[in-house]
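Peer 1: Take a look at the following structure, please.
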Amino acid sequence: MTRIGLITPSSNTVLEPETYGLLRDVPGITAHFARFTVLKIGTDAAAIGQFSLEPQLAAAEMLAHCKPDVIAWCGTSGGWMGPAQDEALCAGITERTGLPATTATLAKIEAFRSLGVRSYGLVTPYLSDIQSRIVDTFGGLGFDCAAEEHLEDPGNFSFSTYGPEQISGMVRRVGAARPDAISIFCTNFNGVRIAPGLERELGIPVIDSTTLTLWHALVLAGVDPSVVPGQGALFRQKTTA
C-alpha cells in the first residue's frame, strides 16, 4: 500500500475530490489530507503571512500520523513567493517527519525539466501582480512565458466556481502561441478533467496543478505515475526521485 499525504489550502474544494477521482481505478494507492488556513491570494502582508512555514509544518506533522510515503504541499504559493520558500518547507517537513516532500511549484519545475520545456503558456484565476510574480519566478529558472491569461480574482474559494468551458477557452487562447507546454497553475482552478482532452486537441502538454502535484508525489514515493489512467505526456515520463 502506498499512501500519499497532501496538504491543502483550507478553502480549496477541488483538490480532494479530484485527487480521489484520479486514484479511483488505481489499486494500492490512497490519498490523505490535512489543511491550514488560506482564504485569499494577494501580495499584501496578510495574504503572504498565510504561508508562514509553521502552520504548514504542523499540518505535515499531523499527516505523518497516518504513515504516508510522501507529503506534498498542494498549493502554488511558491510561484509568487519564490521556490526557496518551498524548498525550505520541504526541508522542514523532511526534518520533522523523515519523509520526502514536494510542492505544486517544485513539481512544476521538475515537470518542465522532464518534458524539456523552454516556453509555456500560463492560465490562472489570479490577480495581475500575482501573475507577474509567477512569470518572473519561472523566467528566472529559464522558462519563458509565451502567453498568459488570468482572471483578476483574489479568491481563494471563488477559484473553484469557474467552469470547464471558461478554463478550456483560456487554455486554447494561450495555446495559439504554440508554447512547449501549458500550465493551469492553481489547485483550486479545476483543470483536472479537461487537461488530457485539451492536450490531445492542441498537441501540447497541458499540465494541471492538482494532477501535477500527484505526479511528483508518486515519483517521490517510488511509484510509476503511468499507473494513473487517462493522463497525458507527463505521466508517461520515467522520471525518478
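The values are calculated or read from the model by the stated rules, or taken from the named source; none is laboratory data. Worth saying up front: this structure is predicted, and the values here are computed from it rather than measured. Methodologically, a virtual Cβ is constructed for each residue, glycine included, from the backbone with ideal geometry; neighbour enumeration extends over all protein chains shown.
Peer 1: Check region 42-61 and report whether any residue there is within 15 Å of ALA217 (Cα to Cα), modelled with pLDDT of 95 or more and outside the structural domain of ASN190 (by TED's automatic domain parsing).
Peer 2: Yes, that holds for at least one residue.
Peer 1: Tell me, please, whether a residue that is surrounded by 18 or more Cβ atoms within 10 Å (Cβ to Cβ), in contact with a Cys (Cβ under 7 Å, 6 or more places away or on another chain) and either among the aromatic types (Phe, Trp, Tyr) or assigned to a helix (DSSP H, G or I) (or both) can be found in region 11-26.
Peer 2: Yes: one or more hits.
Peer 1: Determine the pairs where a residue that is free of Cβ contacts under 8 Å to residues at least 40 places away in the same chain, located within region 8-23, has a partner that is surrounded by fewer than 17 Cβ atoms within 10 Å (Cβ to Cβ) and not hydrophobic (A, V, I, L, M, F, W, C) with Cβ atoms under 6 Å apart, the partner being 6 or more residues away or on another chain.
Peer 2: SER10/THR37
Peer 1: If MET170 satisfies all but one of (1) buried (at least 18 other Cβ atoms within 10 Å of the Cβ); (2) assigned to a loop (DSSP other than H, G, I, E, B); (3) more than 15 Å from the chain's Cα centre (by Cα), what's the number of the condition it fails?
Peer 2: Of (1) buried (at least 18 other Cβ atoms within 10 Å of the Cβ); (2) assigned to a loop (DSSP other than H, G, I, E, B); (3) more than 15 Å from the chain's Cα centre (by Cα), only one is false for MET170: (2).
Peer 1: Which residue out of ALA217, ALA181 is outside the structural domain of PHE112 (by TED's automatic domain parsing), under 18 Å from the mean Cα position of the chain (by Cα) and buried (at least 17 other Cβ atoms within 10 Å of the Cβ)?
Peer 2: It is ALA217.
Peer 1: Given (1) farther than 20 Å from VAL174 by Cα; (2) free of Cβ contacts under 8 Å to residues at least 24 places away in the same chain; (3) out of contact with any Ser or Thr (no Cβ under 7 Å at 6 or more places or on another chain), where does GLY197 come up short, assuming only one miss?
Peer 2: Answer for GLY197: the failing condition is (1).
Peer 1: Moving to a separate point now. Identify the single condition in (1) under 20 Å from PHE112 (Cβ atoms); (2) surrounded by fewer than 23 Cβ atoms within 10 Å (Cβ to Cβ); (3) of a type outside the set (S, T, N, Q); (4) in contact with a helix residue (DSSP H, G or I) (Cβ under 8 Å, 6 or more places away or on another chain) that TRP73 does not satisfy, given that it satisfies every other one.
Peer 2: For TRP73, the failing item is (2).
Peer 1: Shifting gears a bit: Evaluate region 93-111: report whether one residue or more is touching a Gly at 6+ places or on another chain (Cβ under 7 Å), of a type in the set (Gly, Ala, Ser) and under 23 Å from ASP144 (Cβ atoms).
Peer 2: Looking for residues that are touching a Gly at 6+ places or on another chain (Cβ under 7 Å), of a type in the set (Gly, Ala, Ser) and under 23 Å from ASP144 (Cβ atoms), one finds at least one in region 93-111, hence yes.
Peer 1: In region 35-58, which residue that is within 18 Å of SER209 (Cβ to Cβ) and free of Cβ contacts under 8 Å to residues at least 60 places away in the same chain is surrounded by the fewest Cβ atoms within 10 Å (Cβ to Cβ)?
Peer 2: So the residue we want is ARG35.
Peer 1: Quick one: which strands (runs of 3 or more DSSP E) sit completely within region 83-167 and have at least 3 residues that are surrounded by fewer than 19 Cβ atoms within 10 Å (Cβ to Cβ)?
Peer 2: 144-149
Peer 1: Can you give me the number of residues within region 31-82 that are assigned to a loop (DSSP other than H, G, I, E, B), of a type outside the set (D, E, K, R) and over 17 Å from the mean Cα position of the chain (by Cα)?
Peer 2: 7
Peer 1: Moving on to the next point. Tell me the residue from ILE182, ILE204 that is part of a strand (DSSP E or B) and among the hydrophobic types (A, V, I, L, M, F, W, C), please.
Peer 2: On inspection, the qualifying residue turns out to be ILE182.
Peer 1: Consider PRO229 against the criteria (1) within 22 Å of LEU6 (Cα to Cα); (2) in the same structural domain as LEU151 (by TED's automatic domain parsing); (3) of a type outside the set (Ser, Thr, Tyr): it satisfies all of them except one. Which criterion is unmet?
Peer 2: All conditions are met except number (2).
Peer 1: When you check LEU218 against the structure, is it within 16 Å of VAL14 (Cβ to Cβ) and touching a helix residue (DSSP H, G or I) at 6+ places or on another chain (Cβ under 8 Å), yes or no?
Peer 2: No: the conditions fail for LEU218.
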